[in-house]
Amino acid sequence: MSVLEKINSEELIALEDQHGAHNYHPLPVVLSKGKGVYVWDVEGKKYYDFLSAYSAVNQGHCHPKIVNALMEQAQTLTLTSRAFYNDKLGKYEKFITDLFGFDKVPPMNTGAEAVETALKICRKWAYEKKGIDEHQAVIVVCENNFHGRTTIISFSNDENARKNFGPYTEGFIKIPYDDIEALKNVLENNKNIAGFLVEPIQGEAGVYVPSDEFVAKAKALCKQNNVLFIADEVQTGIARTGSLLAVCGNCNCENNCERNPQTYVKPDLLILGKAISGGVYPVSAVLADNAVMNVIKPGQHGSTFGGNPLAAAVATAALEVIQEENLIQNARSLGKLFRSELNKYIQNSTIVSLVRGKGLLNAIVINDSEDSSTAWDICMKLAENGLLAKPTHGNIIRFAPPLVMNEEQLLDCVSIIIKTLKEFER
């Protein structure tokens, strides 16, 4: 088969099925082009993208500024490894640490890699700064968490992700999400707690938004017990929830994030990924102040690709787009509009029980069991009607469009969603 031969969707799906590992279950849509809030399949059909590559494409598909940064740097220098300095990394490190208000960053590539990095830093801090006996440090996590699919699955309670992948890494305690009393109890009764790793909003679990004071109270408890508060903002960060970070709370800054002390909860370790590069190149980061980050010394952690000049150029451009195009404010206002319009419909719906979310990270809960095919069938019909979304946890559909969407486009999408849901009303 010639690489130039035009192949249709059915044939391309068959190729993946035959030659690719079956570790995903995609909708049967084969995409070949993207621009802004739209994607096109190989037959030329146009869709609204309402998943944004799990919030990696906040800045829209193929944003010209980010793509130009990639192209320019790719023709100059792509990789040196960290055996040498390069002329992009230091500038990027200053930019990202200034933007998020931290002293230092070890640049990484993927979200899961950034989580693993944060866990290593937390444990080393626990032994060298807190005085926990070596090999005894414990990290608290939440039930229904999603932090990646490496050895991180050791502290997942998703049996589909865990079964037959043991033995599991020890050193983790699970507590219910959004349960301050459970956190307080475990912190006060275990002197070996090093950190609390938490998603400010649980995205993969179905966009579970905790109570308003959960994050602030959790950070206060961690500080009181000399435990590191670790925020995994791989999916919720970079303007997705209507603030630069979800831990900014109900931030109302109108330009750059001002980290309002009345709403902002500063993590001891901040984990970022996905939209940090606008979906153009894998980039992730862990940020912390010197009191934590300085426990890492040369040779103790690294990555061949982490901090490469191509990644640094792309991430800088991607973060600049968030500021220049006011995507924080856009996500906030359009998210309110989206939930308001869906809630009007849900009042008289038998197929949808609720809509929840923050900014442009939202989900609807389908009134059916988790093992039913209803949510999948609705997503198939949404695709037929020109909008792409995907179920999570069986009966939940996540909606997360690119943040460059405008009000007219959003209302058009709401119309498609409502039109589709009406076909499933009982």
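The numbers here are math on the coordinates, done by the rules we state, and not lab data. Because the structure is predicted, anything quoted here is derived from the model rather than measured. All Cβ positions, glycine included, derive from the backbone under ideal geometry; neighbour counts span all protein chains shown.
So what's the projected area for the chain, the Cα convex hull averaged over all directions, in nm²? The partial results should precede the final answer.
Working: hull surface 86.6 nm².
Over every viewing direction, the Cα hull of the chain projects on average to 21.6 nm².
What per residue convex hull volume, in Å³, comes out for region 1-44 when only alpha-carbon positions are used?
98 Å³
For the pair residue 168/residue 76, report the inter-label distance in nm, with labels modelled 7 Å from Cα in the Cβ direction.
Here the modelled spin labels are 4.7 nm apart.
Can you tell me the dipole magnitude for region 67-324 around its Cα centre, using point charges on the Cβ only (Lys, Arg +1; Asp, Glu -1), in Debye to the nearest 20? Before the final figure, lay out the partial values.
Values: 24 positive and 30 negative charges, 130 e Å.
The dipole magnitude comes to about 620 debye.
Can you tell me, using C-alpha contacts under 8 Å and at least 6 residues apart, the relative contact order of region 282-426 as a whole percent?
Details: 153 pairs, mean separation 29.5, N = 145.
This gives 20 percent for region 282-426.
So, in nm, how far is label residue 134 from label residue 426 when the simple model puts each one 7 Å beyond its Cα toward the Cβ?
A separation of 6.0 nm, rounded to one decimal place.
Based only on other Cβ atoms within 10 Å, what is the fewest-to-most ordering of 35, 274?
Working: 35 13, 274 26.
Final ranking by Cβ density, sparse to dense: 35, 274.
Which cross-chain or sequence-distant (5 or more) residues have an amide H under 5 Å from the amide H of residue 351, H modelled 1.01 Å from N in plane?
Amide H to amide H, under 5 Å and 5 or more residues apart or across chains, residue 351 pairs with 426.
Within region 6-66, which GluC sites (Glu not before Pro) sit in a loop by DSSP and count at most 16 neighbouring Cβ atoms inside 10 Å?
Working: sites: 10, 11, 16, 43; in loops: 43.
Listed in order of number, the matching sites are 43.
Whose amide H sits under 5 Å from the amide H of residue 390, counting only residues 5 or more places off or on another chain, with H placed in the peptide plane?
398
So for 376, 125, fewest C-beta neighbours within 10 Å to most, what's the order? Show your work: numbers first, answer last.
Values: 376 17, 125 24.
Starting with the residue having the fewest Cβ neighbours, the order is 376, 125.
Please report 380, 71, 293 as a ranked list, fewest other C-beta atoms within 10 angstrom at the top and most at the bottom.
Numbers: 380 15, 71 11, 293 19.
Ascending Cβ contact count within 10 Å gives the list 71, 380, 293.
For the chain, what does the relative contact order come out to in percent, with C-alpha contacts under 8 Å and a separation of six or more?
Relative contact order comes out at 23 percent.
If you keep only loop residues by DSSP, which GluC sites (Glu not before Pro) in region 125-217 have at most 10 other Cβ atoms within 10 Å of their Cβ? Could you put the intermediate results ahead of the total?
Details: sites: 128, 134, 143, 159, 170, 181, 188, 204, 213; in loops: 134, 143, 170, 204, 213.
Those that pass, being in a loop and sparsely packed, are 134, 170.
Taking +1 at the Cβ of each Lys and Arg and -1 at the Cβ of each Asp and Glu, which of 47, 235, 160 sits farthest along the dipole of the chain towards its positive end, judged by Cα position relative to the Cα centre?
Value computed over the given set: 235.
Can you give the local net charge around residue 295? Use residues other than it whose beta-carbon is closer than 15 angstrom to its beta-carbon, Lys and Arg +1, Asp and Glu -1. Don't skip to the answer; put the middle values down first.
Details: positive: 104, 120, 123, 124, 129, 130, 297; negative: 103, 128, 134, 268, 289.
Net of charged neighbours comes to +2.
What list of ³J(HN,Hα) couplings, whole Hz, do you get for region 55-64 from phi and the Karplus terms 6.51, -1.76, 1.60, once you set θ to phi - 60° and write x for glycine and proline?
Taking θ as phi minus 60°, the curve returns 6, 7, 10, 4, 7, x, 5, 6, 4, x Hz for region 55-64.
Starting from the Cα of residue 371, step 7 Å along the direction of its Cβ; do the same at residue 289; then give the gap between the two resulting points in nm.
The two pseudo-label positions are separated by 5.0 nm.
Would you kindly compute the Cα radius of gyration of region 224-370 and its largest Cα-Cα separation (Dmax), both in Å?
Final numbers for Rg and Dmax: 18.4, 61 Å.
Tell me, what HN-Hα J-couplings in whole Hz come from the Karplus equation 6.51 cos²θ - 1.76 cosθ + 1.60 at θ = phi - 60° for each residue of region 158-167, using x for Gly and Pro?
Values per residue, Gly and Pro as x: 8, 5, 5, 7, 9, 4, 6, 10, x, x Hz.
Kindly give the semi-axes, whole Å and largest first, of the ellipsoid equivalent to region 57-188, taking each as the square root of 5 times a Cα gyration tensor eigenvalue.
Details: eigenvalues 237, 81, 52 Å².
Taking √(5λ) for each eigenvalue gives 34, 20, 16 Å, largest first.
Could you derive backbone 3J(HN,Hα) for region 191-201 from the dihedral phi with the Karplus parameters 6.51, -1.76 and 1.60 (θ = phi - 60°), listing whole Hz in sequence and x where the residue is Gly or Pro?
Going residue by residue, I get 6, 9, 6, 9, x, 10, 9, 8, 8, x, 9 Hz, with x marking Gly and Pro.
With each run of n ≥ 4 DSSP H residues scored as -39500 (n - 2.57), what mean residue ellipticity at 222 nm is computed for the chain after dividing by its residue count and rounding to the nearest 500 deg cm²/dmol?
Values: 13 runs with 144 residues, N = 426.
It comes out at -10500 deg cm²/dmol, rounded to the nearest 500.
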